[in-house]
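Before any comments, here is the structure.
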Amino acid sequence: MDRPLARRRPRHRREDSGTSLNPPLNGDVFINYRESDSHSYGALLYLALVHRFGSARVFLDSESIPAGADYAAELLSRVRRARVLLAVIGPDWLSCAGAGGGRRLDDPDDWVRRELATAFDAGVRVIPVLTDEATLPGEQELPTDIAALSRCQYRRLRPRDAVADLARLVADIAPATLLLPSANTTCEANALPF
């Protein structure tokens, strides 16, 4: 008698189902950026990190907040749950002006500032990622609730050295967050998509 072929249960990708060592925490890495200054670098980081760790482990607001969700609640909740926040800082990050003409960073309701302040309050590890010719702001240049940013060890992300810079950043993040590669990673564990 012919037996029907056993149906295979679908394999769940680690980013979806998790394991005891790699639970789906929905945003182990939070990408903080200023739209007018460094959005393209934020997107580049997101693509590289998703390729390495899976989308459930990397948070970028435009990709990770579900339609119809309260974005304010989502942003602050995800920052608090993150293990690492990457603060993407471009050349105009510090001086970007708001609607009133003053620095956006001086506004307590500025989202970049709120996310950073929340991360520092929650004990999240903050890694500044300096793009182009940006420099790390000094403590006196920052509002007091995010002045600790000036003391965080930074990394660079340069267009000419993007692959090497991204590889170094991934290597920095992985041990600190106990992130394991996602199941969709190629045989070359450190391969990046560019």
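The values are calculated or read from the model by the stated rules, or taken from the named source; none is laboratory data. Since the model is a prediction, treat every value here as computed from it, not as a measurement. Methodologically, a virtual Cβ is constructed for each residue, glycine included, from the backbone with ideal geometry; neighbour enumeration extends over all protein chains shown.
One line per residue, one yes/no per condition, for (1) without any contact (Cβ under 8 Å) to a residue 24 or more places away in the chain; (2) under 19 Å from Leu157 (Cα atoms); (3) surrounded by fewer than 19 Cβ atoms within 10 Å (Cβ to Cβ); (4) out of contact with any Asp or Glu (no Cβ under 9 Å at 6 or more places or on another chain):
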residue	(1), (2), (3), (4)
Val29	no, yes, no, yes
Ala56	no, no, no, no
Ser64	no, no, no, no
Ala72	yes, no, yes, yes
Ala119	no, no, no, yes
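Residues to consider are Ala171, Ala117; find the one that is under 25 Å from Ala43 (Cβ atoms) and modelled with pLDDT under 95.
Numbers: Ala117 fails: modelled with pLDDT under 95.
Exactly one of Ala171, Ala117 is under 25 Å from Ala43 (Cβ atoms) and modelled with pLDDT under 95, namely Ala171.
Quick one: which residue in Gly90, Gly98, Gly68, Gly42 is within 25 Å of Glu133 (Cα to Cα), modelled with pLDDT of 90 or more, more than 13 Å from the chain's Cα centre (by Cα) and small (Gly, Ala, Ser)? Break it down into steps so the answer makes sense when it comes.
Working: Gly98 fails: modelled with pLDDT of 90 or more; Gly68 fails: within 25 Å of Glu133 (Cα to Cα); Gly42 fails: more than 13 Å from the chain's Cα centre (by Cα).
So the residue among Gly90, Gly98, Gly68, Gly42 that is within 25 Å of Glu133 (Cα to Cα), modelled with pLDDT of 90 or more, more than 13 Å from the chain's Cα centre (by Cα) and small (Gly, Ala, Ser) is Gly90.
Within the stretch 87-95, does at least one residue satisfy the condition of being among the hydroxyl-bearing types (Ser, Thr, Tyr) and within 22 Å of Arg125 (Cα to Cα)?
Going through the stretch 87-95, the residues among the hydroxyl-bearing types (Ser, Thr, Tyr) turn out to be 95.
Going one step further and asking which of them are within 22 Å of Arg125 (Cα to Cα), we end up with none.
No: the stretch 87-95 contains no residue that is among the hydroxyl-bearing types (Ser, Thr, Tyr) and within 22 Å of Arg125 (Cα to Cα).
Just wondering, is there one or more residues in the stretch 153-163 that are among the acidic types (Asp, Glu), touching a residue at least 12 places away in the same chain (Cβ under 8 Å) and either surrounded by fewer than 22 Cβ atoms within 10 Å (Cβ to Cβ) or closer than 16 Å to Ser40 by Cα (or both)?
Step one: of the stretch 153-163, the residues among the acidic types (Asp, Glu) are 161.
After this cut, where a residue has to be touching a residue at least 12 places away in the same chain (Cβ under 8 Å) as well, the list is none.
There is no residue in the stretch 153-163 that is among the acidic types (Asp, Glu), touching a residue at least 12 places away in the same chain (Cβ under 8 Å) and either surrounded by fewer than 22 Cβ atoms within 10 Å (Cβ to Cβ) or closer than 16 Å to Ser40 by Cα (or both).
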Identify the single condition in (1) modelled with pLDDT under 95; (2) more than 20 Å from Val29 (Cβ to Cβ) that Pro193 does not satisfy, given that it satisfies every other one. (2)
